[in-house]
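A.B. asks: Before I ask anything, let me first share the structure, which is written out below as structure tokens.
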Amino acid sequence: AGQMMSFQVKQGNGSQIALTPLFENMEESPAVLKALNQAGMPANERTVAMVNYMMKQGMSVSRDSLLSMLRTVNNFIGTDIGTLVQMAKQQIPVTEENIAQFEAYKENRHQIADSVAQLSDGLAQLLGEEGKDTALKLIDIFTGDVSETAKQVEEEGGVVVKKTPAEEGDTAPSDASAAAKSTGTSHIPLSSVLDAQGRETFFSQLKSFFPPGQMDEIGFDESTDIKNVLTQIAKLIKEASPEMEKEVSKLLQSKEFQSIFKETITGQWLFQPEDVEDKEKINRMYRRILDQTDRTGQLLEQIGKGNSNLMRGTENLRQNVNFMNQLNELFTYVQLPLKLGQEKAHGDLYVYTNKKKLAKRDGEVSALLHLEMEHLGTVDIHVALRDGNRVKTHFYLANEEMIDFIEEHLPSLDERLKKRGYEMTAVTSVKDTEDGESVVNQAVHDMLGGSGGGVHQLVARYSFDARA
């Protein structure tokens, strides 16, 4: 009581305003020193910073809270105190692995598609370097049946796309209907991986490798699924005589064969757009990633590459998925890495609403879509849906030049939404800044509470990596 606090007006609509407290010079605030004194803690650089961060996050600064937070800070001396406080606020278990993943998410280094591209390149190269036995084991990991590990993960829940409260009452599919869904990946024809010249070279290699007449018997052509190509070739490699070792090695090292292997991996770890609406396909993909990265890690250990960059990349992808699973305990969240072509883009979609109102299918649902694109730069799009068909959109753009471009195309968006029964209003503006710097990812910023502790209850987050 009797203390001064400054507030900043963040937004207003004529009749209401939103205020956020300003925490400048919090280090000098008597409140910080008083909290430390009441907790019996010395006031030094680390403890003052800790209390400062906790107040910014709107956390309790009771004696028990401060003592608990201090234990965490002392256990992870080399970690940024702000990161530790944010993780505690979000109730994320503080481990070395989770700290690394949490900081990657904050800095937009969490995209699965980037990991997939790097790992598929590295594993394809390994395929041609380590000989027949290792190559066969690698091919089996990405073409064989799921292992017992994956089955156990599935039985224990695995990575799941949690239902919102409104969906909890929905009728679950029967075991029979779930079993009827394909557990495989999308069909990828050979023609989508190798052009005409590449296929000619590849078929020529196979003719010199296969027994006479075997090519005609198998019947490879441009429409053959690449997973089937790998399966058949692995069978022949396994049966090849020692005299064929040179030919086997040449085939495994060929650009064409390695391209097929790389696309087989990305085909299993990236979605086709039509797959996204099927939650079971999302679940299966993440169970598959956990299984295949686990088996790949075991193989790398066996061949003496346990400390390689490839092993670190494999572990990072696995930890990313496990961290995502932990976030599912807090929010409905999943990355959706999409395969749309040969180029990559990245996006995150966060959905916010009031859980109680959502359970009653009432109230406003809002979403923030974060995009990183080559020509538009970083774009945040806030969308709010009210009364079932009224849509308000706000485009936050990196600079003024992009505003005219977006506004030129808004009539087209409006027309498409009207055909679907929606009424849209749209606003464009340059992205906000905090402490003089542009907020890199407004969605992550909001999720972590920003400088005011956060005002939204995040109940759903969907993220996708797109090869666009």
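The values are calculated or read from the model by the stated rules, or taken from the named source; none is laboratory data. In this text, all values refer to a predicted model and were calculated from it rather than measured experimentally. All Cβ positions, glycine included, derive from the backbone under ideal geometry; neighbour counts span all protein chains shown. Keep in mind that these areas ignore ligands, DNA and RNA; they rest on the heavy atoms of the full protein, side chains included. Shrake-Rupley method; radii C 1.70, N 1.55, O 1.52, S 1.80 Å.
A.B. asks: Please report, in Å, the Rg and the Dmax of the range 210-305, where both are computed over Cα atoms only.
C.D. replies: Answer for the range 210-305, Rg first and Dmax second: 16.5, 50 Å.
A.B. asks: Taking every Cα atom in the range 214-259, find the radius of gyration and the maximum pairwise distance Dmax, and write them in Å.
C.D. replies: 11.1, 32
A.B. asks: Through the Karplus equation 6.51 cos²θ - 1.76 cosθ + 1.60, θ set to phi - 60°, convert the phi angles of the range 199-212 into ³J(HN,Hα) values in whole Hz; use x for Gly and Pro.
C.D. replies: The phi angles translate into 5, 4, 4, 5, 5, 5, 4, 5, 5, 7, 9, 6, x, x Hz.
A.B. asks: How much accessible area does Phe102 have with a 1.4 Å probe, in Å² rounded to the nearest 10?
C.D. replies: 10
A.B. asks: What accessible area, in Å² to the nearest ten, does a 1.4 Å probe give for Lys392?
C.D. replies: 110
A.B. asks: Say the cut-off is 29 Å between C-alpha atoms; which of Lys227/Lys281; Lys89/Lys431; Lys392/Lys431; Lys250/Lys305; Lys235/Lys262; Lys207/Lys339 go over it?
C.D. replies: Where the Cα-Cα span goes over 29 Å, the pairs concerned are Lys207/Lys339.
A.B. asks: I'd like the accessible area for Tyr422, computed on protein heavy atoms only with a 1.4 Å probe and all protein chains in place. Round to 10 Å², please.
C.D. replies: 80
A.B. asks: How far is it, in nm, from the label point at Gln125 to the one at Asp80 when both lie 7 Å from their Cα along the line to the Cβ?
C.D. replies: Distance between label points: 3.0 nm.
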